[in-house]
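Notes for the one structure printed next.
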Amino acid sequence: MAKLRLGIIGTGNRGIHCFAGAFVKSHADTVDIVAFADPNTPRAAKGAALLGIRPDIHADAEELAARRDVDAVVIASIDCLHEEHALAALRHGKHVYIEKPLATTVEGCLKIIEAARRAGKTLSMGFNLRHNAVIQRLHELAAAGTFGRIFSVQAVEHYHGGRTYHSRWNRLRACTGGLFIHKGSHDFDVIHYILGPAVRPTQVACFANVFTFRPENLPFETTPGVEPGPRCGTCPYRTRCPDVAISRSPLFDEETAAVDGYWPDQCMYLSEKDTHDQGIAIVQYDNGATAAHAEYFATPLTNRRYLVEGTHGRADADLHQSSILCMPRWSNDRIEHRIGPVQGGHGGSDPDIIRQFLASIRGGEQPRATAVDGLWSVAVGVAAERARQENRVVALTELFDTGSELAR
Ligand SMILES: NC(=O)c1ccc[n+]([C@@H]2O[C@H](COP(=O)([O-])OP(=O)(O)OC[C@H]3O[C@@H](n4cnc5c(N)ncnc54)[C@H](O)[C@@H]3O)[C@@H](O)[C@H]2O)c1
């Protein structure tokens, strides 16, 4: 069998450390990385050197997408460029793996869905949580009717590494559409995966703000005349700050910063941002079910929990504990499912989603998440961001042109 010829658009953390790294280490016998595209060409070159490969390097993603010797494209650029990059790849007839979120607007998602249909190529949506062993088991239990008809899902995320959302481009809505799209799209998708594809969101309310990562909350005393920040690597208080996180990645150094000024260690207290560090979105579904997603980024914990309530029982799934505790409604039984340990990034999700992307191109498997799944999680995220900004409940119908076949 001929090797799959692959191009990667966006050669930052995810593009290099997750995708290119996995293709080189685990799929070198079936996949050749032919080209990288990133306007920061020194970063792409450093990524290639780290992995010991020699792909052609393009500054322009369109050039990579147009290459005849590329069969499939992985899109790991920043969120606001996913639409442009996916449309280019599909226009040139490539199979696509696209990181979440599918796009940062509902219109963008709809264009990608249409382009994928026209291209007739595989589009794998990068919802790696669907490949997490705990989520997969929870989905199987729900689909088997274990909980009866599910009337509520609560998804709570604690992320100690939440500094990434206040130190990098993802602190700016212009780059992501907002954290309920950038980050929340994962959890809205898990909620939808558990509720099943026939259940669609109808209304969203949301409250969120920057509560902790504000200049007045710097976690150390400053000396008059000695300014803190602007980033950990240069901050005079870096030995005293309990939140210090200096980037050590060779992808982000003086040479790459000289191209685009991008350092991923902006002070999370002082950085300008229009995102939130804590908040909750509440969703109503067309079958009467409700859901809530809370995200906390100033926290000592890193975990995700999903509480599922149904007419026949409930579940408490804990990703950190790698367990699901099920309680049937009319008995005293407590059934614990212990899962793992699982090897690989994001609890084994990353290697499995890459394996399935390759299998879907070769025709053996369907992607576990499609562009339509990508659309619905973005739609809830867009509604949450709008609900938060306008301080009102947002109906999903507001986001869709009534002519769209996906509008209800
Ligand atoms: N599924 C997950 O668990 C997960 C985890 C982290 C990030 N992500 C997603 O992966 C994507 C990349 O995130 P990251 O953390 O690797 O970011 P990053 O900042 O490390 O890398 C982004 C790269 O995109 C490049 N880029 C900017 N403009 C470009 C353009 N016009 N063409 C091509 N490349 C361009 C940047 O130069 C940078 O190298 C994002 O969409 C993010 O939401 C997903």
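Worth pointing out:
- In the assembled protein chains, residue 386 presents an accessible area of approximately 80 Å² (probe radius 1.4 Å).
- Residue order for 365, 295 - accessible surface, 1.4 angstrom probe, largest first: 365, 295
- Modelled FRET efficiency - R0 25 Å, residue 372 with residue 149, Cβ distances, 0.05 increments: 0.65
- With every protein chain in place and a 1.4 angstrom probe, the accessible-area ranking of 327, 268, largest first, reads 327, 268.
- For the pair the stretch 1-69 and the stretch 320-372, the centres of their Cα atoms are 27 angstrom apart.
- Were the residues from residue 174 through residue 243 laid out at 0.36 nm apart, the gain over their Cα-Cα distance would be 22.3 nm.
- Scattering profile of the stretch 309-408 at q = 0.11, 0.21 Å⁻¹ [log10 I(q)/I(0), Debye over alpha-carbon scatterers]: -0.66, -1.01
- Only Lys, Arg (+1) and Asp, Glu (-1) charged, at Cβ; the chain dipole about Cα centre in debye: 740
- Surface accessible to a 1.4 Å probe, per residue, for the residues of the stretch 127-210, Å²: 32
- Distance (nanometres) between label positions extended 7 Å along Cα→Cβ at residue 222 and residue 365: 5.0
- Antiparallel bridge percentage (DSSP; both residues within the stretch 4-128; nearest 5): 0
- Calculated from backbone phi, Karplus (6.51, -1.76, 1.60) coupling profile of the stretch 285-290 in Hz, x at Gly/Pro: 10, 6, 9, x, 5, 10
- Each listed q (0.11, 0.15, 0.20, 0.22 Å⁻¹) maps to a log10 I(q)/I(0) for the stretch 187-324, found by the Debye formula over equal Cα scatterers with no solvent: -0.63, -0.92, -1.18, -1.31.
- Using the Karplus relation 6.51 cos²θ - 1.76 cosθ + 1.60 with θ = phi - 60°, the per-residue 3J(HN,Hα) values for the stretch 222-229 come to 9, 9, x, x, 10, 6, x, x Hz, with x marking Gly and Pro.
- In this structure, the residue pairs whose Cα-Cα separation is over 23 Å, taken from 100/273; 46/121; 183/273; 46/111; 3/100, are 46/121; 46/111; 3/100.
- Sulfur and carbon atoms: percent of accessible area, the stretch 4-128 [1.4 Å]: 50
- Here the accessible area of the stretch 219-286 is 51 percent carbon and sulfur, with a 1.4 angstrom probe and all protein chains present.
- Take residue 30: with every protein chain present and a 1.4 Å probe, its accessible area is about 40 Å².
- In the frame of its principal axes, the stretch 4-128 has Cα extents of 39, 28, 25 Å, reported largest first.
- Relative to its Kirkwood radius, the Cα radius of gyration of the chain gives an Rg/Rh of 0.97.
- Using only side-chain charges placed at the Cβ, +1 for Lys and Arg and -1 for Asp and Glu, the dipole size of the stretch 4-128 relative to its Cα centre rounds to 240 debye.
- Förster-model FRET efficiency, 22 Å R0, residue 26 and residue 2, C-beta, rounded to 0.05: 0.75
- Beta bridges assigned by DSSP with both partners in the chain are antiparallel in approximately 60 percent of cases.
The values are calculated or read from the model by the stated rules, or taken from the named source; none is laboratory data. Predicted, not measured: the structure shown is a model, and the values here were computed from it. Glycine also receives a Cβ, built like all others from the backbone with ideal geometry; neighbour counts cover every protein chain displayed. When the accessible area is computed, the model is the full protein with side chains, heavy atoms only, and any ligands, DNA or RNA have been set aside. Shrake-Rupley method; radii C 1.70, N 1.55, O 1.52, S 1.80 Å.
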